[in-house]
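The values are calculated or read from the model by the stated rules, or taken from the named source; none is laboratory data. It should be emphasised that the depicted structure is a prediction, and the values quoted were computed from it without experimental measurement. Backbone-built Cβ (ideal geometry, glycine too); neighbour counts: all protein chains shown.
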């Protein structure tokens, strides 16, 4: 399973000098280390698990030459297991992802994530963790409001001012999510409930408790038993996220829809 | 910000984002076209967090977890998912809170100063489906929950701005109290007693529950006579606060909302003080302390050492808070739903810390 991440290093803050510093760590750093732990544990259980492993690919968007070199060196410096490096321009982002059969695109940039999701490539947000978290667990958070809605009930969103295009995008995003969930579920089943290096949580921010229950059952139907569940029913998610500190957030883009913002203020 | 809440600092950016989230939640909820009322915003409400074992009777399931392990427990819960659980110790209390909410909504249809019940459990998320099904079965108004899958819920209590936390696990309750959140360990009564369906009744012990344990320390170290003298001398000096003072305060604020609408005689919240102090020698200080805090209590009973059980049987509170297990046992035997507050010198493993209440902000 290939994961491409853009937020590996904090490219803005480092002074560019050819062979000096390794780049300072960005949001994806803890994530990569956690993924490596999961891989180790999977292999430790059985050699047959080779097909289940994460394969991480680093994608750099609009990088200058010397930055590219810096990236190679820094990856080696920190001992990151990165199999491939791709560099492309921002216009060609989606094309590159599709051409290389990337299963999941991760970035701290919400706009990138959303445009990739729209094109049918699975994408999720890299969460900006407050501090470098313990790296023995990979934490994934699923935003459940759309998961809990079946395809039929999504139509009711039209009354709320969401257009057909939006609803189409939601359905596409949900399909992408399903592929990812199935694979994560397979990996997770290798470990028990206790001491697992894969930690999954579900959070519904707006929906009622029935939406949350429905999301739990949907995920279970796709093969994943989440560990934690939160139903906020309108409470702010900030404090909970700060406690949870996930690595990846599968936010189906609902919060970040640019077109929706004016609708929300009504 | 309402002063019903313990201190929390939010940046303006968080507040703006929170408002946006709130608007969308409102939209979604209205859209569901259900007659169920919308949950209030946490900053304005009195938030009561209950654990799954206090809300529902999970004694059998707990045995499976203890004897056969986590995997079997989760499997069992999933198999019985569509069977609603039986009510637990906190169930009548939660139902009474909902009754008060209905009355409040009638008087103040747009106000958010209501009770908000949150299910806070470190149960695994898969058990959540059975919990939600049970909540649906009894038509309880619990919309928010937190299933931490094994992690301690204390951090989440603060995130949800909790005013009161009820659990069966005394370790968690102790952690919560140390973090400045009112909390108590619930016990099932030994017999069933009929409770009021129209009025929420909450009974408090005085020392080490509403007030600090400073006076109890004197009793334990120097005896009753010294205690009486000390209290008489310090009659006009207010006692320090105890862990449940804030909750009484929150109840008082809601009570006032009924008083201003001329509903004092018909108020659906009634508070009781049930203390082993005697009125003559040590009672005055207690009443004066409450007055100095601006708090009212509806009925104050000074037992002068007599057992609390029979009196509580008459009162029939939905919950009774006390710091001494001796009184809890007595109350339990006669059918009172009791909650133990593990604070102060009355505890076996007392750590000698005075409560630090979170700083109040204006």
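Given the condition free of Cβ contacts under 8 Å to residues at least 60 places away in the same chain and at negative phi, answer yes or no: does some residue in region B:184-198 qualify?
No; the residues of region B:184-198 include none that is free of Cβ contacts under 8 Å to residues at least 60 places away in the same chain and at negative phi.
Filter the strands (runs of 3 or more DSSP E) completely within region B:140-207 down to those with at least 3 residues that are more than 14 Å from every other protein chain (Cβ to nearest Cβ) and in contact with a helix residue (DSSP H, G or I) (Cβ under 7 Å, 6 or more places away or on another chain).
Here the list reads B:164-167, B:182-187, B:200-204.
Filter region A:182-198 down to the residues that are within 19 Å of residue A:32 (Cβ to Cβ) and away from every other protein chain (no Cβ under 14 Å) and list them by number.
Residues satisfying the conditions are A:183, A:184, A:187, A:197.
Scan region A:199-229 for residues that are more than 8 Å from chain B (Cβ to nearest Cβ), within 22 Å of residue B:142 (Cα to Cα) and touching a strand residue (DSSP E or B) at 6+ places or on another chain (Cβ under 7 Å) and report the count.
The total comes to 4.
State whether one or more residues within region A:248-259 are part of a helix (DSSP H, G or I) and either more than 17 Å from the chain's Cα centre (by Cα) or at pLDDT below 80 (or both).
No, region A:248-259 has no match at all.
What helices (runs of 4 or more DSSP H), lying completely within region A:52-154, carry at least 1 residues that are out of contact with any helix residue (DSSP H, G or I) (no Cβ under 9 Å at 6 or more places or on another chain), at pLDDT below 80 and closer than 30 Å to residue A:234 by Cβ?
A:110-118, A:151-154
Any residue at all in region B:208-224 that's outside the structural domain of residue B:160 (by TED's automatic domain parsing), under 15 Å from the mean Cα position of the chain (by Cα) and in a helix (DSSP H, G or I)?
No, region B:208-224 contains no residue that is outside the structural domain of residue B:160 (by TED's automatic domain parsing), under 15 Å from the mean Cα position of the chain (by Cα) and in a helix (DSSP H, G or I).
Could you tell me which residue of region A:217-245 is surrounded by the fewest Cβ atoms within 10 Å (Cβ to Cβ), considering only residues that are without any contact (Cβ under 8 Å) to a residue 60 or more places away in the chain and in a helix (DSSP H, G or I)?
The qualifying residue surrounded by the fewest Cβ atoms within 10 Å (Cβ to Cβ) is A:221.
Given (1) modelled with pLDDT of 90 or more; (2) under 29 Å from residue B:185 (Cβ atoms), identify the lone condition not met by residue B:257.
The single condition residue B:257 does not satisfy is (2).
Can you name the residue in region B:67-126 that is surrounded by 21 or more Cβ atoms within 10 Å (Cβ to Cβ), in a loop (DSSP other than H, G, I, E, B) and modelled with pLDDT of 90 or more and is also farthest from the other protein chains (Cβ to nearest Cβ) among such residues?
B:89
With the checklist (1) at pLDDT below 90; (2) assigned to a strand (DSSP E or B) in hand, flag the one item residue B:272 doesn't pass.
Here residue B:272 clears every test but (1).
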